[in-house]
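Read-outs: derived from the displayed coordinates by stated rules, not from any lab. These numbers come from a predicted model, not from an experiment. Cβ atoms come from the backbone with ideal geometry, glycine included; neighbour counts cover every protein chain shown.
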Amino acid sequence: MTTLQPPAATGPRPSRPPGRRDRRSWAGWGFFGPFAAVFAVVFLAPIAYSVYLSLFRDRLIGGTAFVGLDNYSQALTDERFWDSLGRVSLFLAVQVPVMLGVALLVALALDSGRLYGKSFFRITVFLPYAVPAVVATLMWGFMYGTKYGLVGDVNEAFGLTLPDPLSPDLVLASIGNIVTWEFVGYNMLILYSALRVVPHALYEAAEIDGAGQLRVITAIKLPAIRGALVIATIFSVIGSFQLFNEPNILRPLARNAITTDYTPNQYTYALSFNGQQHNYSATVAIVMGVVTMVIAYAVQLRGMRKGA
């Protein structure tokens, strides 16, 4: 019995026309090119210019001179810069866990399905994020006032002497309260969106096994939204190191507590626009950017580590 064999190849396979591959590669650059151009102009170019500025210094005699890394050496020994960095680091260590904790509780309550008026509650919590930071800070600043604000009215109405929220000892906590009020809804939305895509099969399996609500949260929900928690934490870390609007707007109401170098961004702003030290201001900004990048990257590595 004979079997049919496929015919042997009589020659090389026809190759793809040489122009098609070139057109395909150029098509990719056509989609990527506009973004790359905008990214280079609005992101890379300002960073490069700031690095360039940081290598020079204005002198009273001789004008602008190249100083190399002298500005960086000065920044690393600048007590005003390190005091402001320590202040926002304390702010980050206290405010960010509180804010994310509240946002997580709200997201879990919304996802539980047992909250009455869930849609209204979700909009209410998110609404402060829609309020501009300037408006929110002014509103809270006048509420903190001991003479004409809410605190002063409560003192007068009940004969009390409440602590001044804008005093040097409490102003950082007052700023943290404003930031928390502004961004709880934003972080809640990130976490709630992550909870909504958790497979329902996991909940059904947990119900069959007799797991309670607390067990479902710790064994299913929290591990499932770890990525969202890491993203929210990174955003909050970056926002803490960029703290500027709230203390800068509150400064006229609390001049004894908030100085021009209260945060690194305020210090950079004062150096550039009040002191005309543009080169050193660029140096401080670059150092602060590197610190922020390193800490944010460490948070990402720690948060995404398996078994963490």
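Here are some notes:
- Distances between placed amide hydrogens fall under 5 Å for Phe56 paired with Val67, all partners being 5 or more residues away or on another chain.
- Note on Thr283, Thr161, Thr64: ascending count of other Cβ atoms within 10 Å places them as Thr161, Thr64, Thr283, the fewest first.
- Under 15 Å, Cβ to Cβ, from Ala205 - net charge with Lys/Arg +1 and Asp/Glu -1: -1
- Estimated FRET transfer efficiency (Leu214, Lys118; beta-carbon r; R0 25 Å; 0.05): 0.75
- The order of the peptides 143-149, 266-272 by mean Cβ neighbours within 10 Å, most packed first, is 266-272, 143-149.
- At q = 0.14, 0.16, 0.18 Å⁻¹ the log10 of I(q)/I(0) for the range 189-308 amounts to -0.75, -0.85, -0.95, computed by Debye summation with a single uniform scatterer per C-alpha, solvent ignored.
- Contour excess over end-to-end distance, with Cα ends at Leu127 and Trp26 and 0.36 nm allotted per residue: 31.8 nm
- Of the DSSP H helices in the chain, those with a Cα length along their own long axis of 24 Å or more and a mean Kyte-Doolittle hydropathy reaching 0.5 comprise 79-111, 171-196, 278-304.
- Relative contact order computed over the chain (Cα-Cα under 8 Å; 6+ residues apart), in percent: 25 percent
- Springs join every pair of Cα atoms under 10 Å in this Gaussian network model of the chain, and among Ala75, Ala254, Ala130 the largest mean-square fluctuation is at Ala130.
- The range 77-304: projected area of the alpha-carbon convex hull, averaged over directions, in nm²: 15.6 nm²
- Among Ile238, Ile178, Leu253 - extreme Cα towards positive end, dipole of the range 155-300, charges at beta-carbon: Ile238
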